Amino acid sequence: MPASEETLEGEPPVINPYEVLGVERTATPDKIKSAYRKAALKHHPDKVSEDRKEQAHETFQSIAFAYAVLSDPVRRKRYDDTGSTSESIVDSDGFSWSDFYREQFRDAVSQDAIKKFAKKYKGSDEEKDDLLVSYEQFKGNWDKIYETVMLSDPIHDHERFRSIIADAIEKGDVPPFKAFTHETKKAKDARIRAAKKEAGEAEEYAKELGVHDRIFGDKKKGKKESEQDLAALIRNNQRNRSSLLDDLVAKYGATGGSKKGGKKRAVEEEPSEEAFQAAAARLKKKGKNAETPVFYPQYCFYLSPTLNKWCPLRATDIHDLASHPGFEGQDVFFSLNHPIKWVRVVGVVVAVDEFHGRRVYTVDDSTGQCIECSVEVPTPPKPGARDEEPARNPAATDATQGTVSDVPADIDVGMVVDVKGRVKLFRDIKQIEILKMQRVGSTEREVQFWNKIEGFRRDVLCRPWVLDRRDVRQAKKQYLADVDAEERRKRRKERDDVLRREDANRRLNRAGQHPTAKPMHREPSTKSMGGKAHGDGQSDSLGL
């Protein structure tokens with residue numbers, strides 16, 4: 001059996017469909033569809049060289065399966081609830097993974113798909129971002145750039161790509177790499193020769209398939225017709241590989257007896273417990289071999305799924321949050337590489353301690369560790385001191401204005417509470433600075449919260465936060481634009497302040513020279529009477 005067929009043996013891929021398509025869990029159906037089309041077009045097995053087909057088949061299977069899960073609301077919800085792709089495809093409508101894969105394999109490079117994508121992609125901001133990301137990733141290596149940027153052609157796109165990269169270097173968006181800045185004419189000519197050679201090989205391949213005249217025979221054909229014939233060539237290649245897809249049918253569904261209407265689609269059976277455990281073992285092994293997560297700059301934090309939300313955590317999770325070099329003094333802690341500031345915990349109050357200016361509630365959530373939750377309370381005014389200086393601490397100020405009054409005064413030992421607040425260090429021990437506390441009135445609500453914790457740990461915290469290079473670059477661009485805008489605002493303010501002071505001085509000077517204005521410095525001088533000035537230690541003309 002050819003290697004390309006062997007890649008389709010075994011179970012459907014064990015994947016995280018959101019990661020495969022590079023979308024967030026909140027992605028809309030349109031965004032999922034767009035991400036799928038882009039990934040499928042880029043990684044389709046019929047668009048790569050023979051030595052890369054096996055890897056391309058594995059990648060395309062994962063892409064198609066990810067779309068199979070996320071494109072259907074029922075399968076997507078089932079995956080979100082269970083975290084299992086095996087569970088998500090056990091549908092009552094008899095979903096056939098093999099038929100779905102066959103359809104996606106055929107349609108991903110259809111003439112219509114290529115035409116629509118090329119029209120939107122060529123010359124777009126997305127293509128520009130892909131180009132600059134690839135440029136940074138491969139440090140200006142043109143061969144790698146043309147391998148990764150979709151629909152790119154070194155013969156027709158080189159000057160346009162070079163102009164885009166040079167402009168980005170001038171603006172400081174990307175660094176200058178020697179492979180780009182010192183590219184020789186010899187290297188450029190060699191790359192063009194290689195591209196023309198590949199085109200010649202494609203022409204020979206078209207002759208083997210008997211479609212040469214359709215694609216290359218009419219030199220007057222336009223680009224649109226050429227794209228149509230390219231799609232025909234790919235579909236012809238797919239038909240020659242029909243046995244590969246038949247293996248999928250044999251593997252994933254028993255065929256019924258031969259009928260006039262064609263093969264009977266089999267209904268998928270629920271994966272066995274052994275298969276489920278094997279999938280879990282593969283995921284666990286993958287987790288152990290995972291690379292050290294990347295800690296993104298602070299200007300990327302707004303893209304994280306953890307920073308600007310109440311993170312439902314256990315007390316032990318909060319104590320396990322870590323600091324990271326380079327982020328000191330920013331009031332942020334990390335779970336893996338997830339930045340966390342705001343947390344939420346539910347537990348029973350086991351102690352309440354009063355200190356000067358603050359109250360500390362010790363909360364036990366039965367995870368083996370307690371967490372101290374503190375709130376600043378206004379200190380009673382000193383006798384006779386009516387006009388005290390306002391509290392400088394925002395939390396203390398809020399205590400008098402109602403924010404911290406969300407902590408009921410009757411909270412006491414033995415009550416189950418829901419605490420929301422900010423993680424902070426107090427004498428090297430993590431505490432929660434309370435912003436809101438309320439009683440949990442029922443066991444049902446407590447159970448609901450524990451389910452939220454489990455879901456948050458499963459969906460978010462169990463794997464590193466990963467950003468696409470394009471997202472990082474765009475975040476940096478936005479950050480630099482914001483910094484530049486703030487600098488301009490400061491300069492305008494300084495200029496306006498100078499102008500206001502100069503205008504005020506001019507008004508004062510005019511007021512001093514006005515006839516009706518009171519003369520300034522009218523105090524008589526004793527020197528005019530021949531005496532010394534007062535205060536210089538000498539007597540005046542009167543001897544005083």
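The values are calculated or read from the model by the stated rules, or taken from the named source; none is laboratory data. Bear in mind that the values here come from a model prediction, so they are computed numbers and not experimental data. Virtual Cβ from ideal backbone geometry, glycine too; neighbours counted across all protein chains shown.
Contact map, region 147-162: first residue closer than 9 Å to Glu127 by Cβ, second residue of a type in the set (A, V, I, L, M, F, W, C), Cβ cut-off under 6 Å, separation 6 or more or different chains; pairs are Val149/Leu131; Leu151/Ala118.
In summary, Glu444 fulfils each of the numbered conditions (1) at pLDDT below 65; (2) among the acidic types (Asp, Glu); (3) assigned by TED's automatic domain parsing to the domain that holds Gly347 with the single exception of condition (1).
Within region 156-199, the set of residues being β-branched (Val, Ile, Thr) and over 20 Å from Lys42 (Cβ atoms) comprises Ile165, Ile169, Val174, Thr181, Thr184, Ile192. Based on what the data block shows, is Asp412 farther than 18 Å from Ala315 by Cβ and either surrounded by fewer than 10 Cβ atoms within 10 Å (Cβ to Cβ) or at pLDDT below 85 (or both)? Here the answer is no, as Asp412 does not meet what is asked.
Scanning region 316-346 for residues that are assigned to a loop (DSSP other than H, G, I, E, B), touching a residue at least 12 places away in the same chain (Cβ under 8 Å) and among the acidic types (Asp, Glu) gives a single hit, Asp331. If you go through region 130-151 and keep only what is in a loop (DSSP other than H, G, I, E, B), within 17 Å of Lys188 (Cβ to Cβ) and among the aliphatic types (A, V, I, L, M), you end up with just Val149. Out of everything in region 324-339 that is surrounded by 13 or more Cβ atoms within 10 Å (Cβ to Cβ) and out of contact with any helix residue (DSSP H, G or I) (no Cβ under 9 Å at 6 or more places or on another chain), what residue ends up being farthest from Lys452 (Cα to Cα)? Within region 324-339, the match that is farthest from Lys452 (Cα to Cα) is His324.
Among the residues of region 442-488 satisfying the criterion of being in a loop (DSSP other than H, G, I, E, B) and charged (D, E, K, R), which is surrounded by the most Cβ atoms within 10 Å (Cβ to Cβ)?
Taking region 442-488 first, the residues in a loop (DSSP other than H, G, I, E, B) are 442, 462-468.
Of the ones still in play, those that are also charged (D, E, K, R) are 463, 468.
On the way: Arg463: 17, Asp468: 13.
Here the residue is Arg463.
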